[in-house]
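The values are calculated or read from the model by the stated rules, or taken from the named source; none is laboratory data. No experiment lies behind these values; they were computed from the predicted model shown. Glycine gets a Cβ as well: all are built from the backbone with ideal geometry, and neighbour counts include every protein chain shown. Just the protein is used for accessible areas: all its heavy atoms, side chains included, with ligands, DNA and RNA removed. Shrake-Rupley method; radii C 1.70, N 1.55, O 1.52, S 1.80 Å.
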Amino acid sequence: MLIFRFLLFSLVTSFGIVAVRADAVAPQTGEKPKPAAMAEPGITFDWVHVDGPYVAMTFDDGPSAKLTPKLLDLLAAHHIKATFFLIGQNVAENPDIVAREVREGHEIANHSWSHPNLAKMSDAGVRDQLHKTEDAIRSASGNRPTLLRPPYGSITVRQKKWINQEFGYKIVLWDVDPLDWRRPGPNVVCNRIIKMARAGSIILAHDIHPGTIEAMPCVLSQLEAKGFKFVTVSELIAMQTPLPPKPSPSPKSIPPKSTSPSPTPHN
């Protein structure tokens, strides 16, 4: 009888240990693993750490037959080089403007053919958007783009990796967005950019909105007055310097214990 009880006790104990271990390693239900928030280093840029007051002005969605030439005149007057993220359909319609952008020293880059949300597309669909735009840019200017800005900034980490491997593109986002596409007015656009700009900023704007073009004299003059210097995105990336290491937190000093007697409370 004692032997039977001992064997029964051993069996129950062993089962309990196995159950506890199984619970310890079992994944929690109802929660999906979160994807990595960052892509491979050196692929995606929204701001660049640089030594010096350098910023990159970028303009999306052009070229516009009516507005982009006005912007190019203004940039030339200030001796400023910018980066233009071009829509392929607009490139095909205005190849002479693209040729002028390159001729005047600006950088041109891929912004898709028709401005879809790339993150919701198949790889084949994304590939077609990028190839068609690249071909149009080559035809208009003789240059091959090396940068991509996904429309709406919408792109998956997996897409960033295979696009970089297949096309050699760096993915360029931004850290200054005046929301000029909402057309808040030239003064608002200017004030937002001036307030947010910092060394290494990639400034987003659009050369298809009249208010944005009207804001640019204010933007460029005030940024220059604050000491900022303008470069293209590729030039900004080439200037990148390592972030300084964060200082280690110093251990908090523990005050010595007082040897004096505690004060006597008053009644």
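Filtering the stretch 208-261 down to residues that are open to solvent by 100 Å² or more (accessible area, probe 1.4 Å) and of a type in the set (A, V, I, L, M, F, W, C), which residue is modelled with the lowest pLDDT? So, considering only residues that are open to solvent by 100 Å² or more (accessible area, probe 1.4 Å) and of a type in the set (A, V, I, L, M, F, W, C), the one modelled with the lowest pLDDT is ILE254.
Of the residues making up the stretch 26-72, those that are hydrophobic (A, V, I, L, M, F, W, C), part of a loop (DSSP other than H, G, I, E, B), modelled with pLDDT of 90 or more and open to solvent by 20 Å² or more (accessible area, probe 1.4 Å) number 1.
On the stretch given as the stretch 97-129, residues that are basic (Lys, Arg) and either over 21 Å from the mean Cα position of the chain (by Cα) or assigned to a loop (DSSP other than H, G, I, E, B) (or both) total 2. Mind listing whichever residues of the stretch 175-187 are on the phi > 0 side of the Ramachandran plot and either outside any loop (DSSP other than H, G, I, E, B) or in contact (Cβ under 8 Å) with a residue 24 or more places away in the chain (or both)? Correct list: ARG183, GLY185.
From the list ILE203, ILE171, the lone residue that is touching a residue at least 12 places away in the same chain (Cβ under 8 Å), farther than 29 Å from ALA124 by Cα and of a type in the set (A, V, I, L, M, F, W, C) is ILE203. Determine if the stretch 135-154 includes at least one residue that is outside any loop (DSSP other than H, G, I, E, B), touching a His at 6+ places or on another chain (Cβ under 8 Å) and buried (at least 22 other Cβ atoms within 10 Å of the Cβ). The answer is yes; a qualifying residue exists. Within the stretch 86-101, is even one residue open to solvent by less than 50 Å² (accessible area, probe 1.4 Å), out of contact with any Lys or Arg (no Cβ under 7 Å at 6 or more places or on another chain), closer than 18 Å to VAL233 by Cα and not β-branched (Val, Ile, Thr)? Yes, the stretch 86-101 contains at least one residue that is open to solvent by less than 50 Å² (accessible area, probe 1.4 Å), out of contact with any Lys or Arg (no Cβ under 7 Å at 6 or more places or on another chain), closer than 18 Å to VAL233 by Cα and not β-branched (Val, Ile, Thr).
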